[in-house]
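Report on the structure given below.
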Amino acid sequence: MLSKEVKRYLGVRKYSTSSSSFDPTKLIGQVYEQYNVNINHRDSILYALSVGFSQDPMNISHFRFTYENDQNFQIFPSMSAALALHKFPSFLNLPGFPQHDPFKILHGEEDVEILKPIQIENGDQYKVVEKIMDMQDKGKFTSLIVEKSIQNLRSQEVHSRVISTYVMLGLTGYGYKGSYKSPSFPKKPERNPDHESEERTSPNQAILYRLNGDLNPLHIDPRKAAISKFDRPILHGLCTFGNSSRVAYDKFVNDDATKIQRIVSRFTAHVFPGETLKVSLWKQDDHTIYYETDVKERGVTALKGYMLLN
């Protein structure tokens, strides 16, 4: 049984075993969440620090993300993924959604498209609109694909579009295969990386990162991590996503994050806070950076992905 405080965090009305007697086509296209997000310098700086910017306080090139008085201050693009996760997993509250244990939901892929940079200098406010894109019975699990649009409240323009794929373990038997296709990944180059970096994550990095809005106790409470069969809390996948994006930016984007058009990653293994991330980068052309992020201590790949530049 989940504790009352965990259920309160999750905000779900049900969490028992999955049902195969539902029609996913009635859920596809439904908006299940809308909420406003107020973004200020503090929020943006907190995010940047939590994914590794300004580890060297003398690196003034990072001030554009960590110092509010920098004349080029901007929000690092991967922050859109964090802004769009404040209400996870509220799709479980959608009428007709099958019962499911929220601790049996894994993050499979993340696709962040930047249509227009989010601004905070002009006082604009934003809202997040989340809807079900697809559900696919994979035999042992369901791939749930959701779209999250970050919209300007004043102009109604969409600034970022985030497509998240979640793996729902044990939710199967309904047979629907869906139509959504994951983004095609560039082929890994058959040559040595153009750049490699190693950075040790801090032991308390998950505690810092969760302040961006992902309050899942899996990332802070050893007792809750044990429910998911981990011997200690794990780092947020989106923290590793942000870390890897930062390394690619530092090496190839030349101090202008507005060049980043899209970031796509596939999560393949967990990371424990305090482990060392080895990020390997391949610049395929002027617009495409392929990367893989490995956990040095365990020799596993935590994620792989690519960044597109305009």
Would you mind finding the one in M168, M133 that is assigned to a strand (DSSP E or B) and either under 18 Å from G237 (Cα atoms) or of a type in the set (D, E, K, R) (or both)? M168
Could you list, in sequence order, all residues of the range 37-73 that are closer than 24 Å to E147 by Cα and modelled with pLDDT of 95 or more? D43, S44, Y47, A48, V51
Kindly list the number of the only condition in (1) more than 19 Å from D294 (Cα to Cα); (2) touching a strand residue (DSSP E or B) at 6+ places or on another chain (Cβ under 6 Å); (3) among the hydroxyl-bearing types (S, T, Y); (4) not in a loop (DSSP other than H, G, I, E, B) that fails for S197. (1)
Within the range 193-200, can one find any residue that is over 22 Å from I45 (Cα atoms), touching a residue at least 40 places away in the same chain (Cβ under 8 Å), touching a Phe, Trp or Tyr at 6+ places or on another chain (Cβ under 6 Å) and buried (at least 16 other Cβ atoms within 10 Å of the Cβ)? yes
Considering only residues that are farther than 30 Å from F63 by Cα and either basic (K, R) or in a loop (DSSP other than H, G, I, E, B) (or both), which ones fall in the range 88-127? F88, P89, L94, P95, G96, F97, P98, Q99, H100, D101, K104
Would you pick out the residues in the range 215-257 that are surrounded by 20 or more Cβ atoms within 10 Å (Cβ to Cβ), within 17 Å of E113 (Cα to Cα) and β-branched (V, I, T)? none
Which one of S149, S143, S155 is surrounded by 15 or more Cβ atoms within 10 Å (Cβ to Cβ) and closer than 30 Å to N40 by Cβ? S149
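The values are calculated or read from the model by the stated rules, or taken from the named source; none is laboratory data. Quantities reported herein were computed from a predicted structural model and do not represent experimental measurements. Please note: Cβ atoms are built from the backbone with ideal geometry, for glycine as well, and neighbour counts cover all protein chains shown.
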